[in-house]
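One structure is given below, encoded as structure tokens.
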Amino acid sequence: MYRISDQQIDYILSDIRARGVGMEDLQQNLLDHICCIIEQNLEEGGDFEAFYSTTIQTFYQHELREIEEETRLLLTFKNYYSMKRALIISGIILTVSFFTGSLLKLMHLPGASFLLLLGILSISLVFLPLLFVLMMKSVKSTRNLWVGGVGTATGILFFISTLFLVMHWPGARILWFGTLLLNSLVFIPLYFFSGIRQPETRLNTIVSSVILVAATNALFILTNIRTSEKNEVHTSVRMEQPGSGSF
């Protein structure tokens, strides 16, 4: 059985700290665990540094500090894995519901409204809120937190307003145009000016902002076209009714 020395213990501890692990309790737990592995598996007179280098790599995928990040998540957010599982399940449900519901809607088959309702409720009430909460734990700046919050709220309103439009519920157009205004006047400027300040995200921010502006304008144009078509249909119906012709 290998007997580890005090110098080797100090070496391991220093290396753990150098690899980005700052929590003292976690440092000691890792140190004890690694020392036990070395003493139980390394032969007397074996190469300590080579065996330690191989052993430490089994504790992470990319960097050792991943353990500390995971530990902090678990300490500050005990339901992390449950919410992550719920996020994945809701994502699967909304994807299947949207796809199947859209096909049924195009073919005018029963069950389309229910599936679309299920998909929209899943993404609005479960998927997007969970995604924001999970991402919030890794966001350090208040500015990025605001961007994520406003973006999540805009996404929820977008899908809810879409549901109102599909179901022909009252207030659908007000909610829809309100969502487009929120996206155009609040979220896009906030996202643009937040990301353009950082050199590493500047290009992606510009490209994403252009896409968001174009998509918002396209939705607005499609809404106006649909409104014009409805008005034309109503006008033609009135003209075809008895007594509505011109003298």
Exercise. Hey, if you drop one equal point scatterer on each alpha-carbon of the chain and run the Debye formula without solvent, what base-10 log of I(q)/I(0) do you get at q = 0.10, 0.16 Å⁻¹?
Worked result: -0.75, -1.21
Exercise. Please report, for the Cα atoms of region 1-66, the Rg to one decimal and the Dmax as a whole number; what are they, in angstrom?
Worked result: 11.4, 32
Exercise. Starting at 0 and stepping by 5 Å, how many percent of the alpha carbon pairs of region 30-84 end up in each bin?
Worked result: 4, 16, 21, 18, 15, 11, 8, 5, 2, 0
Exercise. When each pair of different Cα atoms in region 54-96 is counted once in the 1/r mean, what is the Kirkwood radius in angstroms, to one decimal?
Worked result: 12.4 Å
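Starting from the alpha-carbon convex hull of region 1-132, give the projected area averaged over all orientations, in nm². Numbers along the way, then the final one.
Details: hull surface 45.5 nm².
Result: 11.4 nm².
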For this session: For region 15-87, give the percent of accessible area contributed by carbon and sulfur heavy atoms, probe 1.4 Å, rounded to a whole number.
Result: 46 percent
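The values are calculated or read from the model by the stated rules, or taken from the named source; none is laboratory data. Since the structure is predicted, the reported quantities are computational estimates derived from the model, not experimental observations. We work out accessible area using only protein heavy atoms, side chains counted, and drop any ligands, DNA or RNA first. Shrake-Rupley method; radii C 1.70, N 1.55, O 1.52, S 1.80 Å.
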